[in-house]
Structure formats: structure tokens, C-alpha cells
């Protein structure tokens, strides 16, 4: 990507990088679960008695499960997405106060964005509006080509998001069909999504899953964090060169 605008690439795309957000780039300090609780309260008229179960799932699946576990009928998805977006907007100030960007996240994003033939976007279970809230809260959104990412409103299962992002990037950024794609994430679901799509994955043990958990899920490359920018870029460059 060049310095003029996200989505403008100087050369043929040679690598696609898709980032998870929560516990990969940022620590949300519990704000995410408060967003789900607030959206549930708006739609169900009562506060949830059980917290949302996230674990790398999409917002569609998280909210479906939350309604089912409370014995409540699931509203139409557009109503859920609207409630989530409103709750996310309302929670932004709390996120800024309580959350933080994870070590190395800003440096890694900046270094990747400097590569004029790499597309750097997101693959997240969050709806697009809340992905924007979370990243912009810490100034990370400016390094990402957000419009070609894949989000929690796009599919029920995370494994389906990879092909959605890949299709958008081929269509809108001219990536060739054989451009390698790598997911960056912190959960076994991130690893599962990459493997199901025959993509590469770099797992980071900055969430609740250990390095051993991530390796057991099938990740060949596991980092303790994104703090070592040089090591991280070396892995990405190897993927780009085939």
C-alpha cells in the first residue's frame, strides 16, 4: 500500500494478510462482552444472566447462542446488527479508557502497510462497525484496508470468512488467484479457518490459548506476541516469496 490512500497498490499483490482484532491486535478488557450484553438487553428487554461466549466465533453465532441460552426468540439479524453497532458506539469511550493495543501491534501493522504489494485487512468475528470502533480507538485502523475485509455479519461460521475476504480482494484490489493469504489470530478457530481455506496462519498466544494449544490446533507458526517485528516480517516475507 502506498502513502496516498488505503487500497492503492503500486505493484501486483503478492501477499494478503488478514488480521483478527480482539486479543490479537487489542485487549478489549471485557468491553466486548458488555457490548453483547447491551445489545441483548436492547432487544430482549432484560439483561442477560449469562455472559456471551466468544472464543473466536462470529457475532452472528455469539448472539444466536446468547438468545438460545436465555430461552428467548432470536430477532432478525438486521435488528441484532443495529443493536450491536449502537452498543459498540456507546462503549467506545470505555474501550479507550480500559483497553490497549497489544505489544508490537502498531509496529507490525505499520511495517506491513509499508509494503506496496501486500494487502493488509481484517478477518474478524466483529461486525464491521464494531471492528472500526475497536481499531480506531487506538489509531490502528489507518494501517488497514478495511473495505475488503471479512466481518461477523458476513457469515455464521468463521471458516467461511476467508473466501469472502479473498473474493473481495481479488475483485477490488486485483489480487491474482494464486496470491498467498495468511491469517493472524490468537485462537484455534483462527487456525481452523486458515487450514479450511488452505491459507497460511501465524498464531499469536496473546489471548487465552497457549502456544501449545495453538500448535495442537494445527498452527505451524506460533509467536508469543507481535513484539518481535523483525521475526514477524521474516515469516510474512517467506510466504510472499513462496
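So which residues in segment 164-188 are assigned to a helix (DSSP H, G or I), without any contact (Cβ under 8 Å) to a residue 60 or more places away in the chain and either in contact with a helix residue (DSSP H, G or I) (Cβ under 8 Å, 6 or more places away or on another chain) or more than 10 Å from residue 123 (Cα to Cα) (or both), if there are any at all?
167, 168, 170, 171
Please enumerate the residues belonging to segment 34-56 that are surrounded by fewer than 16 Cβ atoms within 10 Å (Cβ to Cβ) and outside any loop (DSSP other than H, G, I, E, B).
Matches in segment 34-56: 41 only.
Residues of segment 219-237 being more than 16 Å from the chain's Cα centre (by Cα), surrounded by fewer than 19 Cβ atoms within 10 Å (Cβ to Cβ) and farther than 24 Å from residue 13 by Cβ, which ones?
Matches in segment 219-237: 224, 227, 228.
Take residue 99 and decide whether it is on the phi > 0 side of the Ramachandran plot and either buried (at least 18 other Cβ atoms within 10 Å of the Cβ) or at pLDDT 95 or above (or both).
Against the criterion (on the phi > 0 side of the Ramachandran plot and either buried (at least 18 other Cβ atoms within 10 Å of the Cβ) or at pLDDT 95 or above (or both)), residue 99 does not qualify.
Could you pull out the residue among 196, 240, 179, 216 that is under 24 Å from residue 164 (Cβ atoms), over 18 Å from the mean Cα position of the chain (by Cα) and surrounded by fewer than 20 Cβ atoms within 10 Å (Cβ to Cβ)?
240
Looking only at segment 117-138, decide whether some residue is surrounded by fewer than 17 Cβ atoms within 10 Å (Cβ to Cβ), in contact (Cβ under 8 Å) with a residue 60 or more places away in the chain and farther than 19 Å from residue 207 by Cβ.
yes
Please count how many residues of segment 204-218 are assigned to a helix (DSSP H, G or I) and under 20 Å from residue 238 (Cβ atoms).
Within segment 204-218, residues that are assigned to a helix (DSSP H, G or I) and under 20 Å from residue 238 (Cβ atoms) number 3.
Yes or no: residue 201 in contact with a helix residue (DSSP H, G or I) (Cβ under 7 Å, 6 or more places away or on another chain), assigned to a helix (DSSP H, G or I) and either in contact (Cβ under 8 Å) with a residue 12 or more places away in the chain or closer than 13 Å to residue 18 by Cβ (or both)?
Judged against the criteria, residue 201 is not a match.
The values are calculated or read from the model by the stated rules, or taken from the named source; none is laboratory data. Owing to the predicted nature of the structure, the values given are computational and were not obtained by experimental measurement. Note that we place each Cβ from the backbone using ideal geometry, even for glycine, and neighbour counts take in every protein chain shown.
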